[in-house]
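Just below is one structure, and these are the notes that go with it.
The values are calculated or read from the model by the stated rules, or taken from the named source; none is laboratory data. What you are looking at is a predicted structure, and each value in this text was computed from that prediction instead of being measured. Positions of Cβ are backbone-derived with ideal geometry, glycine not excepted, and every protein chain shown enters the neighbour counts. Ligands, DNA and RNA are excluded from the accessible area calculation, which covers all protein heavy atoms including side chains. Shrake-Rupley method; radii C 1.70, N 1.55, O 1.52, S 1.80 Å.
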Amino acid sequence: MERIATADTQASATPPGGPLAEESGSASALDSGLLDAMPRQREALEVLEAAGELGLSVPASAPASVLVAATVPGPAAVSVSASTPAVPPLPRFAAAPAALSRLRPWRLLPTPTGTPFTFCYGMLLVVTSLVAQYAGPTLVGQLHQASSTDVTHLLRDPFLVLVASALWIVGGMVSPYAFLFLLVLTALERRIGGVRTAGVFLFGHIVATLATEGTVGIAVLAGHLPDSSLHRLDYGISFGVATSIGALAGLLRPWLGLPLIALFGWTLVQDLIAFTDPMTNWGHLISLSIGVATWPLIRRWARAGQVAGAARVAGTAGVPRVEVARV
């Protein structure tokens, strides 16, 4: 549609006494206003003409930078004067609080709505840790023995002991694995969801348990270990946490994920060299390797979660969905 300007609009957009008084005399006014050795003056007058067409009120004495800025189209007409002060940039220390607010450190801990799996599982571990700390030694020993994933219990009732053994923390809430459980599973659940995080945790816990206890059973049959090894206590969340650490490292930036794998792996190697509990130490290394092996799968899950989150935001904002056909 062609824009139509009325006479009143043209009169209000043209400064009194300026070079844009009448359209018929604009050419003569421009030519007469030009001075020798000032070839840039015509551009300033052309800028004034453009400002008048946009409905802006710009003094003729304004500098060229203000004139050019005044002709930039915007959402509404703005009156620009030469005395408008420039806004100084914010100093670096003033931008620091904004950068810190974007970190949101409270997201490192589980919440009932944001990370329901980690939150509920953590509350359950708190209860069992309090029972292990304040209950009688006889009762605690019986509970641990009933939850142990030793070879005898795995052959008798594998499903029950595999689940029950993941309800205890060796060392209670002061254990390093309790701290790692909160941080690692919270970060993993925020990226791939609660159901998938539970799958990664249980998969590492079950596979590493079967691998270590199966080796013990074979060693007993071969005569390399005594029969008492079939009843060895084996419980805790450390295998699942180690698997989750390996999986989370694949979703972090390389400058953070690779040092995390290297530091945790070196700690496990040192424990294995000490040879205090070789079966558990080998189980931790196996669990970490399982987590690293899940990188292609969890990265696909993370991308799918990001796409679904963007679609939900777009639907909430009223943006129409765009379906992409997969080739």
Fill in the blank from the handout: Residue hits (segment 242-297; within 17 Å of the chain's Cα centre (by Cα), within 18 Å of Glu189 (Cβ to Cβ) and in a loop (DSSP other than H, G, I, E, B)) are Gly250, Leu251, Leu252
Exercise for the section: Could you identify the single residue in Pro158, Pro112, Pro176 that is free of Cβ contacts under 8 Å to residues at least 12 places away in the same chain and closer than 30 Å to Asp227 by Cα? Expected result: Pro158
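In the list Leu233, Leu221, which residue meets the criterion of being open to solvent by 40 Å² or more (accessible area, probe 1.4 Å), of a type in the set (A, V, I, L, M, F, W, C) and under 16 Å from Pro158 (Cα atoms)? Before the answer, list the steps.
Details: Leu221 fails: under 16 Å from Pro158 (Cα atoms).
The conditions single out Leu233.
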Completion exercise
Checking Thr128, Thr118, Thr113, Thr138 in turn, the sole residue that is open to solvent by 80 Å² or more (accessible area, probe 1.4 Å) and either under 35 Å from the mean Cα position of the chain (by Cα) or among the hydrophobic types (A, V, I, L, M, F, W, C) (or both) turns out to be Thr113
Exercise for the section: Please go through segment 292-311 and pick out each residue that is open to solvent by less than 60 Å² (accessible area, probe 1.4 Å), in contact (Cβ under 8 Å) with a residue 24 or more places away in the chain and not hydrophobic (A, V, I, L, M, F, W, C). Expected result: Thr294, Gly305
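Can you tell me which residue is nearest to Ala247 (Cα to Cα) among those in segment 173-207 that are among the hydroxyl-bearing types (Ser, Thr, Tyr) and in a helix (DSSP H, G or I)?
Within segment 173-207, the subset among the hydroxyl-bearing types (Ser, Thr, Tyr) is 175, 177, 186, 197.
Pick out the ones that are also in a helix (DSSP H, G or I) and you get 177, 186, 197.
Values: Tyr177: 16, Thr186: 13, Thr197: 9 Å.
Among residues in segment 173-207 that are among the hydroxyl-bearing types (Ser, Thr, Tyr) and in a helix (DSSP H, G or I), the one nearest to Ala247 (Cα to Cα) is Thr197.
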Practice task
Considering each residue of segment 207-234, count those that are in contact (Cβ under 8 Å) with a residue 60 or more places away in the chain, in contact with a Leu (Cβ under 8 Å, 6 or more places away or on another chain) and of a type outside the set (D, E, K, R), and give that number.
Solution key: 4
Practice task
Within segment 143-198, track down each residue that is surrounded by fewer than 18 Cβ atoms within 10 Å (Cβ to Cβ), farther than 26 Å from Leu297 by Cα and β-branched (Val, Ile, Thr).
Solution key: Thr152, Val170, Val174
Exercise for the section: Tell me, yes or no, whether segment 76-85 has at least one residue that is under 19 Å from Ile237 (Cα atoms), open to solvent by 60 Å² or more (accessible area, probe 1.4 Å) and either in contact with a Ser or Thr (Cβ under 7 Å, 6 or more places away or on another chain) or modelled with pLDDT of 95 or more (or both). Expected result: no
